[in-house]
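Okay, structure first, notes after.
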Amino acid sequence: MISILMPIMVGEDWLETIAHASIEVMLKTASQPYQLVIVETGERRFDPGRTGGRSYGHTYVHRPERTSFVKDLNAGLAVCEGEFVVHTACDIF
C-alpha cells in the first residue's frame, strides 16, 4: 500500500474547492490501494467527524496553529502506514 500525504491550509474558499477536486481525481483514477492522509492547518474543513464534513475514508490530522510546512509534513508522516509515502499538494497551478 502507498500512503499519499496531502497537507492543506485553506486561506481562501477557492483553495477548498481545489483541494476537494484534487481528492476526487485521486478517488476516481487511482488503480492501486492507498491511504490518503490529510494534514489540515487552521480550520477543520476536511475533518470527517465534523458535522456536514465530507469523508473520503482518509486519515485526518488537525494542526490548529500554523507552525511550519515541515512540522505539518512530519505530523502526517507519523500516521502514514504505507510502505511508500508520496507527497502531493492541491494548490499548485
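The values are calculated or read from the model by the stated rules, or taken from the named source; none is laboratory data. Since we're looking at a predicted model, the values are computed, not measured. As a convention, Cβ positions derive from the backbone with ideal geometry for all residues, glycine included, and neighbour counts pool all protein chains shown. We work out accessible area using only protein heavy atoms, side chains counted, and drop any ligands, DNA or RNA first. Shrake-Rupley method; radii C 1.70, N 1.55, O 1.52, S 1.80 Å.
Per residue, how much accessible area does the chain have with a 1.4 Å probe, in Å²?
61 Å²
Take the solvent-accessible surface of the protein heavy atoms, probe 1.4 Å, and return the percent of it on the chain that carbon and sulfur atoms account for.
54 percent
Quantify how much of the Cα-Cα distance distribution of the chain extends past 17 Å, in percent.
When all Cα pairs of the chain are counted, 46 percent exceed 17 Å.
Evaluate the charge dipole of segment 30-90 about its Cα centre and quote only its size in Debye, nearest 20, assuming +1 on the Cβ of each Lys and Arg and -1 on the Cβ of each Asp and Glu.
220 debye
Let me have the relative contact order for the chain, percent, based on Cα pairs under 8 Å that are six or more residues apart.
Taking the mean separation of contacting Cα pairs over the length of the chain, I get 44 percent.
At 0.36 nm per residue, and after removing the present C-alpha to C-alpha distance, how many nm does the segment from residue 88 to residue 15 gain when stretched out fully?
Between residue 88 and residue 15, full extension yields an extra 24.8 nm.
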